[in-house]
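Rule-based calculations on the coordinates, nothing more; no lab input. The structure presented is a predicted model; accordingly, all values stated were derived computationally and were not measured. Note that each Cβ is placed from the backbone with ideal geometry, even for glycine, and that neighbours are counted across all protein chains shown.
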Amino acid sequence: GDSWGIFTFLCAALCNLPALPALNCTEELGAGQSIQKTYDLTRYLEHQLRTLAGTYLNYLGPPFNEPDFNPPRLARAERVPSATVDLDLWRGLTDNARLAANYRAYSRLLCYLRALDGQAGTAELRHRLGHFCSSLQGLVLSIAGVMSSLGYPLPAGPAGPPAPPGNPVAPNDFLKKMDDFWLLKELQTWLWRSAKDFNRLKKKVPPAVVTLRLEARGF
Amino acid sequence: DSHIQYERVGADVTMKCGSMDWDAAVTWTANGTDIDESHLNGSYLILKNVDLTQSGQYSCYEGSSWHLKYQTYLRVGTPPKEPVLMCRSNNYPKGFYCSWHLPTPTYIPNSFNISVIHGTREMVCEKDVFPKNRCHIRYLQLFSTVKYKVTLTVTNALGKDSTTLTFDEFAIVKPDPPESVIAKPVPNNPRRLEVSWQNPSSWPDPESFPLKFFLRYRPLILDQWQHVELSDGTSHTITDAYAGKEYIIQVAAKDNDIGTWSDWSVAVHATPWTEEPKHLTTEAQVTETTSASTSSFMPPPTTKICDKGAVVGSGAVAVCWTAGLVLAAYGVLFI
């Protein structure tokens, strides 16, 4: 009811944060250096996630913490942005499209992760999740920084409307845990994909290009 | 007409002489050699507890006319044990291959059937011509969260067995070792060795999927290896070699972000440059290297060992978080 609306508002507000023009959140680095930093951040997050996911899956208990656990993907899991992509399509992405896909994905993943935060069991787990969310927020901002320094417009907020009321909450405990499992899995896969995305961007965007743009903007 | 008969090691085998009656007079031969009558039960040949040496051609001849009445080829073997299956992607992101073998021989022909399931889709693993026990698959999608399930079934006339592997796309990435590893002494530098190598040729896209490398070296006379990890470039100069000692050097490769290290490359040997024992005043100081300075007092360049592990500066994030909290507080007011 009411609290869901508030949650949606908060989520939308927090997720739209980097788009607010008044807040100049990013350092004015050359895009080449920003890309490198973003790349480094994805690697850092990937390491952090390994520990976090291990702890969280143990908290969920079997079968979620079993290494062979290989459930079929339910339709409800389709809402979580998937990193899976056709190989040729991925290769052919423009820099703008590549960055935008990352930006949108992590913005939404961050929202879902924050929803997790409020319900997680132990204090230690909540602390870890909170720390991870901060780092993930940093990644979203870093990507936004790269996009703006390259002159690309930021995608407007999380793609599509938030889940309609009445559907978002899982009908039972097991399905809720499945949602959590797939969220962590997609997050992990996105971080692996981003490392490759930013590798491609690194090679294609030399720092010299961006210095010119900064000068044009009167800095 | 001729038959083939497969029997297990240790089994008892009874061979009938075709349509001949039990009390007919017959002679059996094994690979042309007459078989003693003690092995006969009437016209039936009884082989107890057969072993591998008893494989061969068995023929039955009518007693008096010496007509060939029945012939069979006996192959003694075992049913297959659980096969050993391995899958690996040495050409990421193109695809992966799986290879298999039997832990113990069966001594009779085996056939292998492999199935690859990705989520709900069954994929075709194309068998390689060479080596035989190998097949390869092309990835249709990249960055998949769904595991691959590979099942190998081995079947022969005496039985079958199977094994299954389940893995994530990233878990099986393992490049081939680096190629063309070359180690050369550096003229006028008694403690240096210049090592260079190439990306493995099976790695299709080093631009988008760069490799990092691990170099290990030791003098032949010592057991302890020294290690250097290199996040880019395909060359490295060792600067702490023991003068005059022959070195053994190897390099391994790994995708920068995913998977496991390759096997070690073929080992190369090199000895650092040593000064000629005779000092000739006319000896030209030939410097083949392109480095500017040949001074022996130049400090060795620092070897890049650590990856750049910088975390994004927290200043900018702090600003945004403050704003975020303000918004959150604003939102809370409405609850």
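The Kirkwood radius of region B:3-77, taken over pairs of alpha-carbon atoms, gives through the Stokes-Einstein law at 37 °C and 0.692 mPa s a diffusion coefficient of 268 µm² s⁻¹. Sorting B:134-143, B:247-256 by their mean Cβ neighbour count within 10 Å, with the most densely packed peptide first, gives B:247-256, B:134-143.
Kindly put B:Asp23, B:Asp34, B:Asp168 in sequence by how many other C-beta atoms sit within 10 Å of each C-beta, fewest to most. Numbers along the way, then the final one.
Working: B:Asp23 7, B:Asp34 10, B:Asp168 18.
Lowest count first: B:Asp23, B:Asp34, B:Asp168.
Starting from the Cα gyration tensor of region B:89-241, take the square roots of the eigenvalues, sort them a ≥ b ≥ c, and report rounded, prolate or oblate (rounded when a/c is under 1.5, otherwise prolate if a/b is larger than b/c, else oblate). Since a/c reaches 1.5 and a/b is larger than b/c, the shape of region B:89-241 is classed as prolate. Going by neighbour counts of Cβ atoms within 10 Å, the residues B:Trp197, B:Trp261 line up, fewest first, as B:Trp261, B:Trp197. Legend: translational diffusion of region B:35-82 by Stokes-Einstein, Rh = Kirkwood radius over C-alpha pairs, 10 °C, 1.306 mPa s; D = 126 µm²/s.
Count charges around B:Pro200 for me, please; just the other residues with Cβ under 14 Å from its Cβ, Lys/Arg as +1, Asp/Glu as -1. Net local charge, B:Pro200 excluded: 0. Other residues within the sphere of radius under 10 Å centred on the Cβ of B:Val251, judged by their own Cβ, net out at 0 (K and R +1, D and E -1).
For peptide B:136-147, compute the average count of partner chain beta-carbon atoms within 10 Å of each residue's beta-carbon.
On the way: counts 0, 0, 1, 2, 3, 8, 13, 14, 5, 14, 8, 4.
Mean shielding count: 6.
Peptide B:209-220 shows a mean partner chain C-beta count of 1 within 10 Å per residue C-beta. Residue by residue, region B:248-265 carries 3J(HN,Hα) couplings of 10, 9, 9, 10, 10, 10, 8, 4, 3, 10, 10, x, 10, 5, 6, 5, 5, 5 Hz when phi is fed to the Karplus relation 6.51 cos²θ - 1.76 cosθ + 1.60 (θ = phi - 60°); x denotes Gly or Pro. For peptide A:78-88, the mean count of partner chain Cβ atoms within 10 Å of a residue's Cβ comes to 3.
Order of B:75-81, B:16-22, B:106-112 by packing, highest average Cβ count within 10 Å first?
Numbers: B:75-81: 19.6, B:16-22: 14.4, B:106-112: 16.3.
Averaged packing, sorted descending, gives the order B:75-81, B:106-112, B:16-22.
Charge tally around A:Pro67: other residues with Cβ under 12 Å, Lys/Arg +1 each, Asp/Glu -1 each, net -2. So which lysines can B:Lys127 reach, going by Cα to Cα under 22 Å and dropping same-chain residues fewer than 8 places off? Within the straight-line cut-off, B:Lys127 pairs with B:Lys81, B:Lys94, B:Lys147, B:Lys149, B:Lys160, B:Lys174.
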